[in-house]
Amino acid sequence: MRPTRALLSTGLLAGALAAGMAVALAPTASAGTTLRASAAEKGRYFGAAVATNKLSDNTYVTVLNREFNSVVAENEMKWDATEPQQGRFSYTGGDRLVSHARANGMSVRGHTLLWHAQQPSWAQGLSGTALRNAAINHVTQVATHFRGQIYAWDVVNEAFADGGGGGRRDSNLQRTGNDWIEAAFRAARAADPGAKLCYNDYNTDGINAKSTGVYNMVRDFRSRGVPIDCVGFQSHLGTTIPGDYQANLQRFADLGVDVQITELDVMTGGNQANIFGTVTRSCMAVSRCTGITVWGVRDCDSWRGSDNALLFDCSGNKKAAYTSVLNALNAGGTTTPPPNTTSPPPNNTTPPPSTTSPPPNTGGCSASVSLNSWTGGFVATVKVTAGSGGTRGWTVSLTLPGGASVTNTWSATASGSSGTVRFTNVDYNGQLGAGQSTEFGFQGNGSASGLTPTCSAS
């Protein structure tokens, strides 16, 4: 991680790269002897932030594979890594991490789709509509690439300001319009409907103005149907922990979202083990706290340098903080295990199996559209529903307003980009039984108001 700011409550530098992580949670017979086994027994994950260039370090990998059932990329899935040039995407590091996770029974937390920091230079040079369109395209493309392989995405990271106001951080993204976070969440849902979508931030560990600002946003999103599933609390801690840490987790959980500890590390000293234990017990006491991630594997891997802020020393030896965490996991309560999403869903590549030929279509199909719009652009999600005869395939036609154009499409093939555009099914979503539905989406420039889709079935 790159230290870029000061933590308010701890006096630490915390320019945190936010976490992304993963979950592979099948209980094992050896539950209680490792962090991953004990967490899985309680229906949770225990994860670590990983730098893929360290996967050649034997000590590092031994500890990682033995103790953790979730991983998040330190840097490999951020904007500057995944889209170094506009429209040219690179997934080498992220794909390597996903592959390692799949091979070792781990799931993956994606971090992060949008953040004011670690933007590529070309994005830093954009503003207004151009930046908004580029940001939504980035969310769409990256989430689509990893579709079915990510347990939870940090869709937006660190968008709230420090200080007493509880308001948004001034950033180039914020200056595209106050709805940019909502637009990002809607685009992420359209691109990967199966992933949990999270907001992630630091200095929100207790009940304070900043965490209350986030709380109010989440409450508003939930009331309006904006797709947010979880909130991440980074928890870069010093020598103390807020007394209302657990209560803060609980108030967010009471909104109907999961809560996750996403970047945990604690300054070394006499209180380190106690703080690690308190964080773990707090998570275990909140039924919707689905997991904990530490930001790094060993002390010498930590962005906090001489703070020695993790559970293992550089030789891979367990510290007192490790024992404190393991004991808290073993003593803690249970929750409903999140789904294991380490393997991509089969229907991403092949049509659903069928033992008989699909019936001839007699009932056609219908389509409806929902829009997430902003000045100069939009994301459209189209729901296709088969009639009484089912479908072998379908085509949806719609006419865009003048000046509007389609810039990219997912889960369908577009014919044309302006005027009347026809979208046809891809190989895995054309065959629908009577009354069954599927969705596809597209992003565009301009206005999409008044769209009226029509559907024909084959």
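The values are calculated or read from the model by the stated rules, or taken from the named source; none is laboratory data. Being a predicted model, the structure only gives us computed values, none of them experimental. Cβ coordinates were reconstructed from backbone atoms using ideal geometry, including for glycine residues, and neighbour counts include every protein chain displayed. Accessible surface is based on the protein model in full, side chains and every heavy atom, while ligands, DNA and RNA are left aside. Shrake-Rupley method; radii C 1.70, N 1.55, O 1.52, S 1.80 Å.
For the reader, a short list of remarks on this structure follows.
- Distance from the range 422-458 to the range 66-135 (C-alpha centre basis), Å: 28 Å
- The orientation-averaged projection of the convex hull spanning the C-alpha atoms of the range 88-137 amounts to 4.2 square nanometres.
- Under Stokes-Einstein, with the Kirkwood radius over Cα pairs as Rh, the value for the range 392-458 at 10 °C and 1.306 mPa s is 128 µm²/s.
- Using θ = phi - 60° in the Karplus curve 6.51 cos²θ - 1.76 cosθ + 1.60, the 3J(HN,Hα) couplings for the range 44-60 round to 10, 10, 10, x, 9, 6, 10, 9, 5, 5, 9, 6, 8, 8, 4, 5, 4 Hz; x is entered for Gly and Pro.
- Given Lys54/Lys319; Lys42/Lys319; Lys78/Lys383, the pairs whose alpha carbons are separated by over 32 Å: none
- The range 138-173-the range 231-254 distance, computed between alpha-carbon centres (Å): 19 Å
- Calculated FRET value between Ser437 and Leu255, using beta carbons and R₀ = 25 Å, to 0.05: 0.35
- Label-to-label distance, Asp80 versus Ser306, with points set 7 angstrom from Cα along the beta-carbon direction: 2.6 nm.
- With K and R counted +1 and D and E -1, the other residues having a Cβ less than 9 Å from that of Trp115 yield a net charge of -1.
- Were the residues from Asn271 through Ser458 laid out at 0.36 nm apart, the gain over their Cα-Cα distance would be 60.6 nm.
- The value given for the range 35-331 is a Kirkwood hydrodynamic radius of 19.2 Å, derived from the mean inverse Cα-Cα separation.
- Within the same chain, lysines fewer than 8 places from Lys318 are excluded, and of the rest, none has a Cα less than 16 Å from its Cα.
- His100 accessible area, 1.4 Å probe, all protein chains in place, Å² to nearest 10: 30 Å²
- The gain in end-to-end length when the Asn216 to Asp179 segment is fully stretched comes to 11.9 nm, 0.36 nm per residue minus the alpha carbon separation.
- 18 Å reach of a label modelled at Thr92, 7 Å along Cα-to-Cβ, counting backbone N of the range 46-75: 51-57, 73-75
- With the largest listed first and rounded to whole Å, the semi-axes of the equivalent ellipsoid of the range 63-222 from the Cα gyration tensor are 25, 20, 14.
- In the context of the full protein assembly, Asp162 retains an accessible surface of approximately 60 Å², using a probe radius of 1.4 Å and ignoring ligands and nucleic acids.
- Normalised convex hull volume, the range 172-286, alpha-carbon set, Å³ per residue: 116 Å³
- Inter-label distance, nm, simple model (7 Å from Cα along the C-beta direction), Asn327/Ser370: 4.8 nm
- Neighbour net charge for Ala309 - beta-carbon separation under 12 angstrom, K R +1, D E -1: -3
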